[in-house]
1. Which pairs in the list B:K184/B:K213; A:K29/A:K153; A:K16/A:K155; B:K509/B:K573 are over 27 Å apart, alpha-carbon to alpha-carbon?
2. For labels at B:W462 and B:S108 in the simple 7 Å Cα→Cβ model, what's the distance in nm?
3. Tell me, in nm to one decimal, what length is gained between B:R552 and B:S72 on full extension, where the rule is 0.36 nm per residue of separation less the Cα-Cα distance?
4. Using helices alone, what [θ] at 222 nm do you get for chain A, with -39,500 (n - 2.57) per DSSP H run of 4 or more residues, divided over all residues and rounded to the nearest 500?
5. When only Cα pairs under 8 Å and 6 or more residues apart are kept, what is the percent relative contact order across chain B?
6. Would you compute the Debye intensity of region B:285-349 from its alpha-carbon atoms alone, equal scatterers and no solvent, and pass along log10 I(q)/I(0) at q = 0.14, 0.22 Å⁻¹ to two decimals?
7. Would you kindly derive the ³J(HN,Hα) couplings of region A:78-93 from the backbone phi angles with the Karplus curve 6.51 cos²θ - 1.76 cosθ + 1.60 (θ = phi - 60°), listing them in order in whole Hz, with x for Gly and Pro?
8. How many angstrom separate the Cα center of region A:298-329 from the Cα center of region B:623-689?
Amino acid sequence: MLLLTMFLAACRHERKVSTSFYYWKTVYKHNQTEDSYLRHFHSANLYVRIMDIDRDEFNGQAVPVSPIVFKDSLPADLNIIPVVFIVNDILKEMSTAQIGSLAQHITGFVSAKVQQAGKKNFTELQIDCDWTATTRDNYFLLLDKLKDQPALKGKTISVTLRLHQLKNQKNSGIPPADKAMLMCYNMGNLRKYGTQNSILELSELKKYLGDNLKAYPLPVDIGLPLFSWAVAFRNQQYIGLSKRITGDTIKNQREFKPLNNSLYSVIKPLPQFGLQPNDVIRWEASTPAALQETAKYISRFLNNDTVNIIYFHLDETLLKNHLNARLETISNLLR
Amino acid sequence: MPGWKRSVIYCVSFIIAYLCNVAFDLACGPETDPYDYYTTFFRGGIVLPDHDYRPFYFNSERLLNDPDEQTSEADINTAEWAEYLKTEGATPKDISKVLYHLNTKTDSVYFRDSQPLKHGLPDSLKNNTFLNALQSKAQAQNALVYLGLIKKLEPLVNIAYQPWDPKPLDTAAVFNAGKAYLLKGANEKQDKFLKLRYLYQAQRLLHYAGRYKEAAGVYNDHIAGIKTSSHVAGWSLALKAGELCRLGDTVQSAYLFSKVFSNYPERRVQAYRNYVANHAPPAQVLKLAKNNEEQAAIYAIQGFHNYDLDLSALKNVYRIAPKSPMVNVLLLREINKLEERYLNGKLTGVDYYSYWQSKSKAKDSLQTVYANHINQLNTFCKQLSAERKINEPVLARLASAYLAWMQGDSKAGFATLTALSAEKLNDRLDSQRQIINLLLTAQSALKFDNVNEARLLPSLQWLSKKVRQEELAQKGKPEWDWQSYNEPANYANMSRDFYSLILKPAYLKQKDTVMAAFAQLNSEWGNTPINIKDNELLSCDILPEIWQRQLRSYHIQNMLKMAANPARTPYLKFFMTPVSAKSLPVIYELLGTVYLREHNYAAAVTSLNHVPQPKQKKAVSNIWNDDDKPQYPSPFVSATNDYPKIYAKAERYAYDKLKFATEMAALQTQIKAKPKDYVAYYKLASGLYNTSTYGNSWEFISYRWSSYDYEKGNRDYYDRDFTQCTSAEKYFLKARSLTNNPDVKAQCTFMAAKCRQKQIAYPARDYDDYKQWEKREAAYHLKVRNNPYFIEMQRDYAKTNFIKLAIADCSYLRDFLKARK
């Protein structure tokens, strides 16, 4: 029996894992540390955020927000996969004509930005949108319209897939895309006061994944978080993410008093962070251990022979907390 | 569609859109004063001579109290051009128009050319003195060429907003333009005015192109050596500081920003922000300072960024540059910090460190910290005042008197003020003296009697006058002016706080509710007659909360007597300014309501008869019913459930306060005549129940309603009816005792049970110990399900028809019966 088990185990086909990163900054510049990670993982692709699309506050039209500027060209051996984030709300009131025009604008803008990145072409366009039941029809129409754009002919259209969309397929629907990238992060209740980790917590993930992933009708890439952030509370009510607080700032015990593993109390007024005394910060991070646990769990539900892991996101300060070797372990766990 | 129809539609649409726009503008109102989040009687807007440092007035909720520059760069540039062309007679207004206010089309057609104005001038600019001057003589022609070049440059650096154009800033073109300007500037030998401007533009363009090294080179090689008082040199210095930051020399960068901060007020806020963002170690920046003034600026910036109680910046700046206006700003900041942390809590009861307040040890140690800081600051103020080295040393003495008031030492405060009597004070400082005098006078009064009130009166009259003057100054400005908040209501806010936080508590302390109520009225109405619109006559929303919730009928009767007494004291006359003949109906409305609360229905009728009644009964807001039809209070209905509320659907069945009072008075008479009339008792009880927070006519005895009222307990004197329903319970029981009909008895018992349920105290929420609170809440629900009247329902009325109805409707009763099966 033991032998049989060993035989079966040995027969298991090893999955091919490719690793790439999101580039989520507004200015693209070469950075040696960041490049070294790309090289280490032989990343063929870099998922580059091109722009957000939100409503213009004056005329209500959908417009690009903070489009990326390329100070340098992308390395020759790296493909660009442009990513466009669409604020879900703007899709609510759009007419068919407006959606058609938006698809045209996105195509033109993305193509020009790809050129600015020093690339002649791209093979995949990724659309990132937290679509809901009320925007589903318009969002899916936009994806169809994008597919119809002559400049996108033959290119893969991928979409990001949030955990709630995976679980609630009946209401969320299956987007008319070629593949999906499952965002295995932002899963807990960010706004609730407490010690939970809303970025990555396996117990939360388990509520969504399981057979839902196994049965998903599109090929699925896996997105994993590398980031951390400070969630601020006043009188135990969520007041926002304090973006300027880093892992180093929170350790300053003249300004933040540790309450337990993840909570810190603000000691003095810190207007530079928008904080007042007694505000409480929950420091949330995606730890190597949590990432490994997650990879181990997800591995069971992947059907394909190849899996793409995309880390969010390529940034020197975030990478400091995630050594190459540790990320390598995650790839191994998914093999 | 005929043409006229279309025109009418367009016109109507336009008018509607226009009016909507006006309505939105009016609804938006002015921005709130950012300085008004804590109680202060020592305001920069009053004591400091100008607003140069207003962004740095203390405000711990923002990085800057006011994020805008206080001096206009455009005005400075215009003034420099006017000086340059003064012999040619160019006026600042015309210069400003051409430099800053022409539209894109005019700029493109007439100016963006190497030979500007070669196509002549548009009619609108024919008489422009600036352009005439530029064309008048040879030297000025060069300036015209410069003007053409900068106008040409504008589209390159000031990109038009075309959101879907993916093209980024053309840094190569900007860089080339920068090099061309550099050449122009370097070659310009004659005209220093233009030379500096060409070089500044060159540096600016190279900076925008991201060529920080080259840009800094322009400054070092060409601009630094120019001896000039032009502010353009300062703008170049600011660019250089930014370039150093980009190149990694944050210490030098911070030092240069501190120089810009000191010398160029139009860039002060920008320089401060950049200094702070540099995070350079202050000790290293200080080493670069070449003289006391430069050191003082660095200390001051550090002080403006310090939100702790800390005198070091103040002392350092005073030590090396006592005449600097920043000494006065830093002094003010330390006073304001104490106001925010110590005084505000002392006056309002809401402590700055409210979370720590419950921990008495921490609170005690904080009080010691505050007391020590007040003493240290007061000692330093005395030093400033004695040494007389600062601008306006009187300010330090006033601060000292104010700190004495803050500590409750009115004797020392008066002594300090008295010592000022020999000084001739300017308006600002005299105003502050008056304010402190008012505060000390109020503090020194052991009791507010006629004597002390008469002492207070002149200061109050002075304050009132100041508030009026301030309002008049603001009147010219439209309410929607986004800049309105730049002129905070200094006196109005102080008047508001003095009446509500000092006078009101003092009167309440001596148990004079009437005067406390008047104090609050003055706080909210600024010692002006209450302005009542006709539609507000039936609502006391315009009256302060203390009026709505605390006044009893004898208080209001007393007020009415005071208002009618022509021989009242001058203080009282002044104090009662808000009450006029026009506002009397509102007071009678309140009196009628209070009589309803006191069950004196005949008196309520008399009072409410003084209030003009509308032709139609007022409908209540329709939040419980699905349909949109109007619905009206119906205080005598009887329902097993409180929700959804049952209302009258037709106006003829509707009640208002007067009709309700009349009917309740009739019921009281009826009961007197027929003491065994159980129907009258039941109806009286229903009237009381329905005017509770759970009923359909709550607004007859209360001016506010909340879905959390059931948690409020017995806080207001009328809560025995409004939240507790004790009188209703008594009358339901009385009705039960007078009838032999078992169904009626069951109904009375059930209604009494509903009343008793309201008397079960809901546990106060405690988020600190949520688990314990959950236990207490569970105990509350258990009590609700074990209502003592439920036992009687089960024991005595199990066979009545009514109980079937009650069981169907009331889940609490069902739970009770289920548990006892």
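1. Values: B:K184/B:K213 20 Å; A:K29/A:K153 30 Å; A:K16/A:K155 22 Å; B:K509/B:K573 22 Å.
Table pairs above 27 Å Cα-Cα are A:K29/A:K153.
2. With each label point 7 Å from Cα toward Cβ, the separation is 6.2 nm.
3. On the way: separation 480, 0.36 × 480 = 172.80 nm, distance 5.66 nm.
Working it through step by step, the gained length comes to 167.1 nm.
4. On the way: 11 runs with 100 residues, N = 335.
It lands at -8500 deg cm²/dmol.
5. Details: 1025 pairs, mean separation 61.5, N = 821.
For chain B, the relative contact order is 7 percent.
6. -0.43, -0.82
7. Taking θ as phi minus 60°, the curve returns 10, 7, 9, 10, x, 10, 10, 8, 10, 5, 3, 4, 5, 7, 4, 9 Hz for region A:78-93.
8. So the two Cα centres are separated by 70 Å.
The values are calculated or read from the model by the stated rules, or taken from the named source; none is laboratory data. From a predicted model like this one, the values you see are computed outputs, not experimental measurements. Glycine also receives a Cβ, built like all others from the backbone with ideal geometry; neighbour counts cover every protein chain displayed. The protein model used for the area step is the full one, side chains on, heavy atoms only, and it has no ligands, DNA or RNA in it. Shrake-Rupley method; radii C 1.70, N 1.55, O 1.52, S 1.80 Å.
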